[in-house]
Amino acid sequence: MIHVLSVASECAPLVKTGGLADVAGALPAALAPHEVTMRTLLPGYPAVMQALKTPEIIWENPDLFGGPARVLAGQGGGLDLLVLDAPHLFDRKGSLYLGPDGKDWPDNPERYGALCWVAAQIARDGAAGWQPDLLHLHDWQAGLTPVYLRQHGLPHVPTLLTIHNIAFQGLAEAEDLVRLRLPATGFTREGFEYWGKISALKAGLIYADKISTVSPTYAGELLTPEFGMGLDGVLRVRQADLVGILNGVDTEAWTPPYKTARGKTRHKEALREEFGLPESDGPLCVVVSRLTQQKGLDLLLEALPRLLAGGGQLALLGSGDKALEQAFTKAAKSEANVAVKIGYDEALSRRLIAGGDAILVPSRFEPCGLTQLYGLRFGTLPLVAYTGGLADTVIPASPAGLRAGAATGIQFHPVSTEALGRALDQLCALYREGATWRRMQKNAMAHPVGWEHSAADYADLYRAVLTR
Ligand code: ADP
Ligand code: GLC
């Protein structure tokens, strides 16, 4: 049995801003059949504190980066949790990472530095008799852990760092070194210094034993200047220790609420009604997404006339960038076949994916992406950019894919308005053609999107790290 401490800044079903939470929340159960027990260390945000049952204090400190803190062990959201209860860092209303002004909380380096400090502490002292064999670190928020392990006199506790999104690098000012209890000797180009700043992600990339990311294609892309976001050089140095393991989805939680085509049509009618969309014989396309530059939805705004000209409709649920929120809201006002809900709503996201004919994911980069997997599972055909995990999970309706009868969706490349427009034309044409569409739906629903494969890969990777 391998005992793993997973260190994450968000975790479904307790706290979530994106796919990282789904993955951190799914891994413990997915890994259980592979002789791995996993406990998850989370920040004590209000929602986590409220969900925590039978808490037991396993660690206390009067001054953790500016205030008293303790670690509570307990259960919550079906998970075995260790929670860092540090009110000065985590007892805040609103978004996990952003203050009311929409900018990063100014003390984010300390908030997640504290999480890493405590992770290293647990690696050393255990948690009420439980001792992790290995630490699985997620994204920059857990990146400083291997540095603190050394500080705590534990250079050899094995660590795996998973990159979910390299766009977020956890930068802090050089003058925070002392406050973050970091060794000045590590503040070099070979260490965690990044253009004169501290980078928590780079720290993890340099000092973790192994690095993974969430799809094989993205693992390759990360080595290029186009996708590495300034860290491709570091990753090329560590290339031998970098692997891509695809995310899965919880196939039970994501069981389609219908068994027949007629059942799906009823969900589509209900969705049209809920979104105030008129009857139409074209495809109803849905989007469920953060509205950010990454997701390429500005291209969808530009290509929208092509979808509408093909008789298609759009129903979008998303939030994020204010300019994009406004632009979609405006499009919905002027176009009868476009409807938009700004916000974050889990239940509504399911109704969209159930009721849609197709789900659109035109991302500029996408480490894995989960919504296209939900789409496959629900027979809601994904139309995706050919990048990252989108490239790895969708079999395109190319001439070869169609001839082989294997296609599950539509891919476009390059990620441009023109290429997206052509893909939308193809989507509308395939939809009208009928037979091919139904075949693709069948293929999509049969495509394996669960955790079985990837959980085995993680378990193998843990074993490889442990036997190094
Ligand atoms: P990312 O993590 O980059 O945002 P993913 O596709 O990996 O992208 O995961 C996004 C997750 O967040 C999915 O579970 C998706 O359903 C969910 N999600 C995104 N936006 C919304 C929203 N507005 N309402 C509900 N769920 C959302
Ligand atoms: C990130 C990525 C997304 C991935 C998710 C979970 O937020 O943007 O592609 O699916 O993490 O790994």
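Which of the pairs LYS16/LYS202; LYS93/LYS322; LYS16/LYS53; LYS264/LYS330 have their Cα atoms more than 22 Å apart in this structure? Violating the 22 Å limit, Cα to Cα: LYS16/LYS202; LYS264/LYS330.
Only sites in a loop by DSSP and with at most 14 other Cβ atoms within 10 Å count here; which trypsin sites (Lys or Arg not before Pro) in region 35-93 make the cut? In loop regions of region 35-93 (DSSP not H, G, I, E or B), the sparsely surrounded trypsin sites (Lys or Arg not before Pro) are LYS93.
Out of all DSSP beta bridges with both ends in the chain, state the antiparallel percent to the nearest 5. Please report the intermediate quantities before stating the final value.
Numbers: 20 of 68 bridges.
For the chain, the DSSP antiparallel bridge percentage is about 30.
The stretch between GLU433 and THR37 holds 137.6 nm of extra length on full extension. This uses 0.36 nm per residue minus the Cα-Cα distance.
Considering only protein heavy atoms and a probe of 1.4 Å, how much of the accessible area of region 261-446 is carbon and sulfur, as a whole percent? It would help to have the intermediate numbers written out before the result.
Working: 3990 of 7400 Å².
Carbon and sulfur together cover 54 percent of it.
Rounded to the nearest 10 degrees, the inclination of helix 346-355 to the longest alpha-carbon principal axis of the chain is 30 degrees. What the Cβ-Cβ distance of THR54 and ASP425 gives, at R0 = 45 Å and to the nearest 0.05, is a FRET efficiency of 0.20. A dipole drawn for the chain from +1 and -1 charges on Cβ atoms has a positive end, and of GLY153, ALA303, GLY186 the residue lying farthest that way is ALA303. Taking a Cβ cut-off of under 14 Å around LEU223, the surrounding Lys, Arg, Asp and Glu residues balance to a net charge of -2, with basic ones at +1 and acidic ones at -1. Starting from the Cα gyration tensor of region 261-446, take the square roots of the eigenvalues, sort them a ≥ b ≥ c, and report rounded, prolate or oblate (rounded when a/c is under 1.5, otherwise prolate if a/b is larger than b/c, else oblate). Rounded is the answer for region 261-446, as its axis ratio a/c remains below 1.5.
Only one residue of LEU314, PRO33, ALA142 has its Cα farthest out toward the positive end of the dipole of the chain, where Lys and Arg carry +1 and Asp and Glu -1 on Cβ, and that residue is LEU314. A simple charge model with +1 on the Cβ of Lys and Arg, -1 on the Cβ of Asp and Glu and nothing else charged puts the dipole of region 261-446 at about 460 debye relative to its Cα centre.
Using the Cα gyration tensor of region 294-390, with a ≥ b ≥ c the square roots of its eigenvalues, what is the shape: rounded (a/c below 1.5), prolate (a/b larger than b/c) or oblate (neither)? Because its axes are fairly even, with a/c under 1.5, region 294-390 counts as rounded. Only helices enter the 222 nm calculation for the chain: every DSSP H run of n ≥ 4 contributes -39,500 (n - 2.57), and dividing by all residues gives -11500 deg cm²/dmol, rounded to 500.
In the chain the longest region clear of GluC sites (Glu not before Pro) that are loop-assigned by DSSP and have at most 16 other C-beta atoms within 10 Å covers 36-172.
Cα centroids of region 139-167 and region 264-301: 40 Å apart. Could you tell me how many degrees, from 0 to 90 and to the nearest 10, lie between the Cα long axis of helix 417-433 and the main elongation axis, the longest principal axis, of the Cα atoms of the chain? Compared with the principal axis, the helix lies near 50 degrees. Remark: region 261-446 carries 40 Å² of accessible area per residue (probe radius 1.4 Å; ligands, DNA and RNA excluded). With each label modelled as a point 7 angstrom along the Cα→C-beta vector, the GLU252-SER398 pair spans 3.8 nm.
At 0.36 nm per residue, minus the direct Cα-Cα distance, what do ARG150 and ARG124 gain on full extension? Give it in nm, one decimal, please.
Difference between extended and current length: 8.3 nm.
Measuring nothing but how far apart in sequence close Cα pairs (under 8 Å, 6+ apart) lie, relative to its length, the chain scores a relative contact order of 12 percent.
What shape does region 212-332 take by its C-alpha gyration tensor, where a ≥ b ≥ c are the square roots of the eigenvalues and a/c under 1.5 counts as rounded, a/b above b/c as prolate, and the rest as oblate? Verdict is oblate for region 212-332.
Straight Cα distances below 21 angstrom link LYS197 to the lysines LYS103, with same-chain residues fewer than 8 positions distant left out. Taking only Cα atoms, what is the 0 to 90° angle, nearest 10, from helix 297-309's long axis to the longest principal axis of the chain? That helix lies at roughly 10 degrees to the long axis. Charge dipole (Cα centre; +1 on Lys/Arg Cβ, -1 on Asp/Glu Cβ; no other charges) of region 131-249 amounts to roughly 200 debye.
Give me the Debye-computed log₁₀ of I(q)/I(0) at q = 0.08, 0.09, 0.10, 0.11 Å⁻¹ for the chain, equal point scatterers on Cα only, no solvent, two decimals. Those come out to -0.48, -0.61, -0.74, -0.89, one per q. Averaging Cα coordinates gives a centre for region 224-258 and one for region 373-421; these two points are 18 Å apart. Relative contact order of region 322-468: 18 percent, from C-alpha pairs under 8 Å at least 6 residues apart in sequence.
The values are calculated or read from the model by the stated rules, or taken from the named source; none is laboratory data. Since we're looking at a predicted model, the values are computed, not measured. With ideal geometry, Cβ positions are generated from the backbone for all residues, glycine too; neighbour counts draw on all protein chains shown. Remember, those area values only see protein heavy atoms, side chains included, never the ligands or the DNA or RNA. Shrake-Rupley method; radii C 1.70, N 1.55, O 1.52, S 1.80 Å.
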